[in-house]
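Rule-based calculations on the coordinates, nothing more; no lab input. Treat the numbers as computed from the prediction; the structure is a model and nothing was measured. Here the Cβ positions follow ideal geometry from the backbone for every residue, glycine too, while neighbour counts run over all protein chains shown.
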Amino acid sequence: MESRGRLSLKNLNVYYGKNHVLKNVNLEIPEKKITVIIGPSGCGKTTLLKCLNRLLDEGEEARVEGQIIVDGQDIYAPEIDVTLIRKKMGLLSQKPQVLPMSIYDNVAFGPRLFGLKHRPQLDQLVEKYLKLAGLWDEVKDRLHEPASRLSIGQQQRLCLARGLAVEPEIILGDEPTSALDPQSSRNVEQQLLRLKQDYTIVLVTHILRQARRLADYVAFLYLGELVEFGPASEIFSNPKDPRTMAYITGEIS
Amino acid sequence: MEKIRSSKIKKEKFQRLVGAAFSLFPLFLAANIFFILLLKAFPLLTFKSLPSLIFSSAWQPVKGQFGLWPFILGTFWVTITAFALAVPVSILTSIYIAEYAPDQLKKILVPVIDLLAGLPSVIYGMWGVLLIVPLVGKYLAPLFDTYSSGYSILAAGIVLAVMILPTIINVSVEVLNSVPMALKEAALSLGATRFEVVRYVVLKKALPGIVAACVLGLSRAFGETIAVLMVVGNVPEIPRSLFSPAYPLPALLANNYGEMMSIPGYESALNLAAFLLLLIVLSFNLLARWYLTKLNRRTG
Amino acid sequence: MKDKITSNPGPGLQRRKRVEFVFRALMLTSSLVVSLSLILILVSIIWKSLPALKLSMITRTPGSGYYLGKEGGILNAIIGSLQLTLGATLIALLIALPAVIYLNTYLRSKSFLAEAIRFALDVLWGIPSIVYGAFGFLVMLFFHLRASLLAGMITVALVELPILSRVMDETIRLVPAELKETAFSLGANRWQTTTRVVLRQVFPGLVTAVLIALGRGLGDAASVLFTAGYTDRLTTSLLQPVATLPLAIFFQLNSPFPEVQQRAYASAAVLTLLILLISLITRSLSRKLSRHKIY
């Protein structure tokens, strides 16, 4: 378990048709830390995130070149099964996307896909991950209600629990608090800070203050280029690139 | 200045009035069709009870017997056959178009379906006579050890099935496309295969809409006239199997409506048939549409 | 427990892939069946019509003994269909356009009247064309009309009215509120906003609606069966009966003479060609309308 969850991107290029959206990105994402990707909108943050679990495959037009190596395996190698790649990573999207089923079934969805049918084991699993996402106490009496009845903040934590239940090594978050109220946002942030003991976390955000609160490492993307990467304290206090400086001081956004 | 303004206002008032009159026309027309058919069907109902007309199978206008049961059954069986054939094919096709087909293939499939939707029913009927009727008579019926001229419920069902495919597919694809991409991505990122996403997430969301699409197709099938008339055989008997001929309500109207004036009660009977057809088609159609708008409102 | 799920997904995964493969194959087969039906229909019509496809088919009216297999063509039905459908579409447009403008200019979209009108249009759209035929026939008798171009035109107009109105209505409703607000803020009243801004914006959509209605009217046989009559001559007055292509096909196909049947196929080829043409124009227009949509 120790060396798991390391991600490295080598010469990553992504094209949408003729648009070159990610330009030769090289990045080593350290394990069991929170790495925050910042940058103005349209800079390719979300694209980068979707590359990591090959969700870009699902669109028609995107073309990916280069390598993404997870635990020593290139995830774009032809013999790799995409469902297993995705299982290694939990995704939190901008708006919580609960599946059209009960709270319980949402969490059990992934494990069931991979063949777990034994009910007591599932029960344990659901409880464990709902607790881990800090939602158990709020929903333990209504596990079989439709998940859509939860408040939006609860829904996002359910999505977190659901993602954790497939036992990933990496958690990807695409502005996971952007649809939430401040209280729920803080709740989700707290869960993430707790989870970094066991998981590698990659977050995309456009909120600089959130980046300051959460990040161990920061990557700054600008117009598809990785401008700067380093420990959060350095990037925020002493950026080397003038563009990074301009962004964190609010001159470009 | 004041004058100009008041004449402008007057003009707008006039436009408003004319527009209102025109826009009420559909209401007026719908009510008219309904009541005139009912009114024209009424004379027969004064000396025969409605159940005796609907459930009797004796159709001999010359003797004053107007049992509509064979026609109702004919309509029912032809429609059900078409429905059973069309539903699986159209649902699978619409899932393929919405979730799987690469863009190039979509660019072929979508116009194909549009063209199918646009072909006139007489063309479908002709195709049925040329290909489907011989297929049923010469190949399918012997396969089941029966004789059939080919002009049969099955032939009509097959032709009709192809005719309602585009209706069901178009509406289903629209419903499937309304399932948000982010939701599918959420399921994919849990390690689901594309088919598992379709089965557990997309279909669950889209099922009510797809059911409504099917009912809309069903209501179209009930009313289809010329194509069915050309291949169904038109024998006013209670059909015994899929290979026997039948005589659906629309065909009854098409064959007899123009020249019904001489026999007493005949006109009334045919108008009753038209009214029944209207009632059946509209109830299914409105059910589907009401449901679809309700869904639209909830998701959009 | 953890390792049970993660370390050995092998056989389960293979089964899941098989299910995926089977269903994918089924879906592809279904799509092929759909495409194949269209190809079968078109090919069988073209194949069968080849022997009878002569220029005289579309340049001459039926001569004497035409229905026994002698010389002549279906010019009467081609011209008749065009007269009838164009007339019907014009009538339908004259009712639908003011109605739709009113609906979208003066009524709030959730108001009771607007809902009632849209509901009525949906009802009308659902009515089978044979019922319109019957209704048209009853109206015709009421006004002591004979089966004629006029009666046929009116009946087909009724068939087209809901299609035309609803398609136009949906197009106009998609116009963003911002555009209207811009016009209002420049001092235009509602009428001016609709006619000068909104209608201009959705013009291609309106043309599409008209073409869809036109195609539907051209191919409809059941509604003209009792109302338009049939004639071997060209129709020169609104009160004369008129020949139509669908009925020409229908009648000739019932003939016992193979030569006449072949002409039914040729007539079908002509009708299909017209429909294809209309649908091609419609497609290219609607692509212009929404260049970024796949559908």
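Miscellaneous remarks
- Kirkwood estimate for region B:44-86, i.e. one over the average of 1/r between Cα atoms, Å: 11.4 Å
- Global form of region B:2-47, assessed from the alpha-carbon gyration tensor, a/c cut-off 1.5: prolate
- Mean partner shielding of peptide A:118-130, defined as the number of other chain Cβ atoms within 10 Å of each residue Cβ, is 1.
- Label-point separation in nm, A:I207 to B:R199, each point 7 Å along Cα→Cβ: 3.9 nm
- Rounded FRET efficiency, nearest 0.05, which uses the C-beta distance separating A:D81 from B:N177 and R0 of 22 Å: 0.20
- In a DSSP loop and with at most 12 other Cβ atoms within 10 Å, the trypsin sites (Lys or Arg not before Pro) in region C:187-295 are C:R291, C:K293.
- Proximal lysines relative to A:K10, as straight alpha-carbon distance under 18 Å, when same-chain residues fewer than 8 apart are discounted: A:K23, A:K45, A:K50
- In region C:89-137, the trypsin sites (Lys or Arg not before Pro) that fall in loop regions by DSSP, at most 16 other Cβ within 10 Å: C:R108, C:K110
- Volume of the convex hull of region C:55-179 (Cα atoms only), normalised per residue: 151 Å³.
- Bridging of A:K140 to lysines at a Cα separation below 22 Å is possible for A:K117, A:K128, A:K131, once same-chain residues fewer than 8 apart are set aside.
- Other residues whose C-beta falls under 12 angstrom from the C-beta of A:K33 contribute a net charge of -1, scoring Lys and Arg +1 and Asp and Glu -1.
- Counted over region B:215-300 with a bin width of 5 Å, the fraction of Cα pairs per bin, in whole percents, is 3, 13, 17, 19, 17, 12, 7, 5, 4, 2, 1, 0.
- Between C:S64 and A:N238, the simple spin-label model (points 7 angstrom out along Cα→Cβ) gives 11.2 nm.
- The HN-Hα couplings worked out from phi for region A:214-221 by the Karplus form 6.51 cos²θ - 1.76 cosθ + 1.60 (θ = phi - 60°) are 9, 6, 8, 10, 10, 10, 10, 9 Hz, whole numbers, x standing for Gly and Pro.
- Of every Cα-Cα pair in chain A, the percent that sits beyond 25 Å: 43 percent
- FRET efficiency for C:I281 and B:S149, using Cβ-Cβ distance with R0 set to 35 Å, rounded to 0.05: 0.30
- Each residue of region C:76-90 was assigned a 3J(HN,Hα) from its phi angle through the Karplus curve 6.51 cos²θ - 1.76 cosθ + 1.60 (θ = phi - 60°); the sequence is 4, 6, 5, 4, x, 4, 5, 4, 5, 6, 4, x, 4, 5, 4 Hz, with glycine and proline shown as x.
- Projecting the Cα atoms of A:N24, B:L53, B:L278 onto the dipole axis of the protein assembly as shown, where Lys and Arg carry +1 and Asp and Glu carry -1 at the beta carbon, places B:L278 farthest toward the positive end.
- FRET efficiency estimate (nearest 0.05) - Cβ-Cβ, A:H144 to B:L131, R0 45 angstrom: 0.25
- Each Lys and Arg Cβ is given +1 and each Asp and Glu Cβ -1; about its Cα centre, chain B then shows a dipole of about 1320 debye.
- Net charge over other residues, Cβ less than 13 angstrom from the Cβ of A:K140 (K, R count +1; D, E count -1): -3
- Isotropically averaged projected area of region A:132-203, using the convex hull of Cα atoms (one quarter of hull area), nm²: 4.8 nm²
- Three-way shape label, region B:1-86, alpha-carbon gyration tensor, a/c 1.5: oblate
- For region B:54-299, the percent of C-alpha pairs falling in each 10 Å distance bin, counted from 0 to the bin holding the largest distance, reads 7, 27, 29, 21, 11, 4, 1, 0.
- Local electrostatic count at A:G110 - Lys and Arg +1, Asp and Glu -1, tallied over other residues with Cβ under 9 Å: +2
- Tail weight of P(r) past 21 Å, computed on alpha-carbon pairs of region A:1-69, percent: 25 percent
- Loop sites by DSSP among the GluC sites (Glu not before Pro) of chain A, restricted to those with at most 13 other Cβ atoms within 10 angstrom, leave A:80-250 as the longest stretch without any of them.
- The Cα trace of region C:148-295 gives Rg and Dmax of 20.3, 70 Å, the first to one decimal, the second as a whole number.
- Oblate is the label for chain C. Its Cα gyration tensor axes, ordered a ≥ b ≥ c, give a/c of at least 1.5 and b/c at or above a/b.
- Between region A:198-250 and region C:78-148, the alpha-carbon center distance in angstrom: 63 Å
- Per-residue [θ]222 nm for the protein assembly as shown (sum of -39500 (n - 2.57) over DSSP H runs n ≥ 4, rounded to 500): -19500 deg cm²/dmol
- Square roots of five times the Cα gyration tensor eigenvalues for the protein assembly as shown, Å: 60, 32, 26
- With the largest listed first and rounded to whole Å, the semi-axes of the equivalent ellipsoid of region B:142-235 from the Cα gyration tensor are 39, 16, 8.
- Cα-only Debye scattering, region A:98-167: base-10 log of I(q)/I(0) at q = 0.11 Å⁻¹: -0.20
- Annotation: the antiparallel percentage among DSSP beta bridges lying fully within the protein assembly as shown is about 60.
- Estimated distance in nm for a label pair at C:L32 and B:I9, the labels positioned 7 Å out from Cα along Cα-to-Cβ: 7.1 nm
- Annotation: amide H-H contacts under 5 Å for A:L92 (H modelled 1.01 Å from N, sequence separation of 5 or more, or interchain): A:L172, A:G173, A:D174.
- Normalised Debye scattering of region C:153-238 at q = 0.13, 0.23 Å⁻¹ gives log10 I(q)/I(0) of -0.58, -1.06, counting only Cα atoms as equal scatterers and leaving out solvent.
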